[in-house]
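As structure tokens, the structure follows; a few thoughts come after it.
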Amino acid sequence: MTEDFDKLRDGLRKAPGADPARKEAALRLAMQNFDRAHQGTQPQPRPIPVRPRNAGLFAGVRTMLSRLTTRPILAATTSVAAICLGLIVVLPITPTDLTTPKPLAEVAPAPEATPAPVPATAQEAVADLAAVSDAASDTAGAVNGAVATGQKVPAAPTAPSMTRKRVQDGQMLRRETYLPQPSVAPTPIAPAEIDPGVQTAPDTEAFPQAEANPIKVTAQDPVSTFSVDVDTASYAVVRSSLMQGQLPPDGAVRIEEMVNYFPYTYAAPAVGEAPFKSSVTVMPTPWNPGTQLVRIGLQGRLPAIADRPALNLVFLVDTSGSMQNADKLPLLKQSLRLLLPQLRPEDEVAIVAYAGSAGEVLPPTRAENSAAILDALDRLEAGGSTAGAEGLELAYRLAEKMGAKGEVSRVLLATDGDFNVGVSDPDGLEKFIAKKRAQGTYLSVLGFGRGNLDDAVMQTLAQSGNGMAAYIDTLQEARKVLVDQLSGALFPIADDVKIQVEWNPAQVAEYRLIGYETRALAREDFNNDKVDAGEIGAGHAVTALYEVTAPGSTALANDPLRYGAATPSTDSPELGFLRLRYKAPGETTSALIETPITASDAPADEDARFAAAIAGFGQLLTGAKYLGDWGWQDAIALAQSARGEDAFGYRTEAVNLMRLAQSLSVQ
């Protein structure tokens, strides 16, 4: 520090001063003006008793000002101003940072580092200051000359503006250097108020992209095949978007997941029957009086808690830097806390965290040792990049070590889906998960947070792992998924469940599957047991909706072919034929269930009408291509009339979300 001051002192001594000739001329002119102003004003003796007319301080000041002319005043004041400016710029200035402080959200602890170099040397700073002093001297001479000749006084040149630049060395400010900056002062901007709930990072969200299912002509393509989907992530993402005051991206809207978010009172299978039971309802289409809606419902069996197999659960927790927001890792930890009391004492839990590198946070521990599990959860902190593949490998190794015959092993991946490191081969990752699925370990995915939610990756991983994908945006949603529907989320009763419908062209001229675009299968995949499909968990309900059009209906969307084959005649009243394939957990050969689809004169129940309202909700969010004039108010009225008992308030919430979406859609 002393060495720096010595350099500064030497620089000041070497600094060039003002031009001596100009300085001497200015002083000489000032003295001459002073002498002329006081000629003939010698004091005269006065009698003491008589007070002069202009006696007193203020009278004297007025007399002096009245006798001084403009020219000497300007000359004197300009010279004095030049001298004072030179004194001001060379005197030390107290180091004080006058710049506007940065918002707290941008401040981060500085790492240990070597001292940063000073941007300008002391000699360079002094040279800048000397230039300012010379400019002031030149201005004084120009002003004097202009006044003497009666010319317009030239404008003084603008001195380089000085702004402070802080030099940081570790955590200590060493000194301040003054650098020339543009003379135009920037417009002051007040720091924006920081809302911790608002995402400030660039939006990098990704959603699966698929075109809506088209209307198909039965005579040309009578068979529809798809995999079941018990995921509910789409509805929660839609809700999150609407609650943030914006309509969701089209890719985030998967109508089947919105419909399947809600519980329905389908008939459950009897003891000794297949693990799930199907039911079919036919009703008029709310948005098109010329068509009908066919609702296919599947209800899974719900075993008693005592009859559940032992569970081996590995929490694979994303602790990367992208998980630090309050709606990510903190909410994740709270959610897993809700899950623990639902486990039986003999169930086992392990925790793996990954961020840059993966590590075992908690070895396999019995659920009855809740204190150790909760302590491990509390130690989780966000930081680093995401090494998802490495974490998956470690989680699967633990699950295999924990597993035993007759037990269920599942990896529960909790992430925002931001797999940005370690996944150089996504196809290879999917094959790896599929291989582990074949060995008996399931994978389910819980998504958290917005801004960089990679929903596409989450869906792919969950489908490959024969698990479900859910999005947790609130603690209430965590309770729904991990408490109220725990058995369905963690205990499978049927794997690789496929649905195939053959429509009767004599009764159905056209049909359209509403949703399931990302779950479509080829016709031949239905009988191929090597083709993966979705699972059904204990107590799960699955709903699928078809819109069908009868021959001769005014609602037909396609003209008949001029050279097409005639529609086959049949006396069968069946609208179509439903086929279901599934595998028992751990089995490799599928079983087949078949049932006809027939029209019914019975009125549609509340469940069917509410499912139709939610299907309309999803279509309104994505363009309403097939809805005609049917709009938001119609969807709201239909959902309102079909709320039913609504023990948990899910349907009431849906009605309120429709109202919110209606308001946002007109902005």
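The values are calculated or read from the model by the stated rules, or taken from the named source; none is laboratory data. Not measured: the values here are computed from a predicted model. Neighbour counts are summed over all protein chains in view; Cβ atoms, including those assigned to glycine, are modelled from backbone coordinates with ideal geometry. What goes into the accessible areas is simple: the full protein's heavy atoms, side chains included, and nothing from ligands, DNA or RNA. Shrake-Rupley method; radii C 1.70, N 1.55, O 1.52, S 1.80 Å.
Pop out the carbon and sulfur fraction of the accessible area of segment 426-490 as a percent, whole number, probe 1.4 Å.
50 percent
Regarding segment 457-523, what is the average projected area of its C-alpha convex hull, in nm²?
Hull-based average projected area comes out at 6.8 nm².
Along Cα→Cβ, 7 Å out, is where each label goes; now give me the distance between the ones at residue 405 and residue 664 in nm to one decimal.
Taking the two extended label points, one gets 5.3 nm.
For the pairs 435/625; 498/625; 216/498; 480/583; 401/583; 277/328, note any where the Cα-Cα span goes beyond 31 Å.
435/625; 277/328
Give the carbon-plus-sulfur fraction of the accessible surface of segment 223-328 in %, rounded to a whole number; probe 1.4 Å, heavy atoms of protein chains only.
Its accessible area is 55 percent carbon and sulfur atoms.
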